[in-house]
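The values are calculated or read from the model by the stated rules, or taken from the named source; none is laboratory data. Please read these numbers as outputs of a predicted model, since none were measured by experiment. Positions of Cβ are backbone-derived with ideal geometry, glycine not excepted, and every protein chain shown enters the neighbour counts.
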Amino acid sequence: MKRKKNKTDQANRNHKAKSKEKETLIEETLAEDTKEDTVGKEEPKTKEEQLELELEEARDKYLRLMAEFQNFRKRASKTQLEQAENCAVKTVKQILPVVDDFDRAAEQEDFSEGVSLVYHKLKSTLEKLGVKPMQTTGEDFNPEYHEAVTSTPAPTPEMKGKIVDTLEKGYFIHDKILRFAKVVVAE
């Protein structure tokens, strides 16, 4: 029994000693932190020095606030441009099926002259917006630009891996992919 009691007493003494070490370490750290805070700053001796310190602090706050405001303006401007660009992309994506229909109609013989003028005006407007069609038929298949809908046997060995037919045109807008081309690839 005495042995157990001695071990327990020893453990309690060790625990108390460790607790005291931790407390002194914390107190020393706090004392060092307060010393570091006061080392760099001297207490102003006169009212003029105190006013100069306050003025310097106000200037620093002003400069930081101005820099933060300029960063905010840049971010807001960038966000506004991105939103306008995204809106334009969404609008053009909605118009592309109409362009596809015009393309199919232009292939027919009874395509009237008036409709032809509207078609060319629409195409030129899209070009002004930066929309360009992809060249696909006869090109090598590239999964970054093309979506293979189906494949067909290659008529010649040179045609392997090339696009045989375009089911739906692909488009770029300012060198970014607006819509992938849906194609038939020769195997």
Residues of the stretch 147-187 satisfying the condition of being hydroxyl-bearing (Ser, Thr, Tyr) and closer than 14 Å to Gln135 by Cβ: Thr166, Tyr171
Condition test on Thr79, is it of a type in the set (Val, Ile, Thr), at pLDDT 85 or above and under 43 Å from the mean Cα position of the chain (by Cα)? yes
I want to confirm something. Restricting to the stretch 112-126 and keeping residues that are exposed (fewer than 11 other Cβ atoms within 10 Å of the Cβ) and within 37 Å of the chain's Cα centre (by Cα), which single residue is nearest to His174 (Cα to Cα)? Ser124
What number of residues in the stretch 149-164 are in contact (Cβ under 8 Å) with a residue 12 or more places away in the chain and either exposed (fewer than 15 other Cβ atoms within 10 Å of the Cβ) or more than 21 Å from Lys182 (Cα to Cα) (or both)? 8
Of the numbered conditions (1) surrounded by 10 or more Cβ atoms within 10 Å (Cβ to Cβ); (2) modelled with pLDDT under 90; (3) within 22 Å of Glu168 (Cα to Cα), Glu109 fails exactly one; give the number of that condition. (1)
Unique match (being in a helix (DSSP H, G or I), surrounded by 10 or more Cβ atoms within 10 Å (Cβ to Cβ) and in contact with a Phe, Trp or Tyr (Cβ under 7 Å, 6 or more places away or on another chain)) among Leu96, Leu63, Leu53: Leu96
Identify, from the list Leu167, Leu117, the residue that is hydrophobic (A, V, I, L, M, F, W, C) and not in a strand (DSSP E or B). Leu117
List pairs: first in the stretch 112-138 and in the same structural domain as Val99 (by TED's automatic domain parsing) and farther than 28 Å from Ala148 by Cβ, second surrounded by 15 or more Cβ atoms within 10 Å (Cβ to Cβ) and of a type in the set (Phe, Trp, Tyr), Cβ under 7 Å, 6+ apart or cross-chain? Tyr119/Phe102; Leu122/Phe102
Check the stretch 71-84 and report whether any residue there is aromatic (Phe, Trp, Tyr), loosely packed, with under 14 Cβ neighbours inside 10 Å and out of contact with any strand residue (DSSP E or B) (no Cβ under 7 Å at 6 or more places or on another chain). yes
